[in-house]
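Nothing in this text is a laboratory measurement; each read-out follows from the coordinates by a stated rule. Values in this document were obtained by computation on a predicted structure and should not be read as measured data. Note that we place each Cβ from the backbone using ideal geometry, even for glycine, and neighbour counts take in every protein chain shown.
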């Protein structure tokens, strides 16, 4: 049973619908494009939130964000772009709810690049995309350890049990991963 149904009124591809939206600013066109991928957005959110209702709410929130974001970026592949937007939405939500405070990039990668408290959502989004790209470039063991420790909030002991790495290895992978992540972000932020 599908949770979301895509409404295809035409045979237009995603890029054609996106182009039509840019030309007309017709929200129905953007809605049609989004509805084609709403189920994917839902499952991305479900993977992070582990709650059906919260994930359904996020699908609506992400659509509301699209109205502002879609005009600010050059989109080559809408489904891939939407996947990243959805993932970032979830990560930002999780971070902002953790202990009632948002975890900054400085705390995450100990970056000397200071973020202004009034930094726009688009700037934060851009930094999250950069961070994700840099995480993907990490060696596999560092990437796994960073993901489990910072993004999934697992403790050292849980990471040891989940991965089979020794405690010393986990600490080393996290430390080296943070350093490599910081270097990558600094290099790409210049």
Could you check how many percent of all C-alpha pairs in the stretch 1-100 are farther apart than 25 Å?
19 percent
Sorted by average packing, counted as other Cβ atoms within 10 angstrom per residue and highest first, what order do 85-97, 164-176 take?
85-97, 164-176
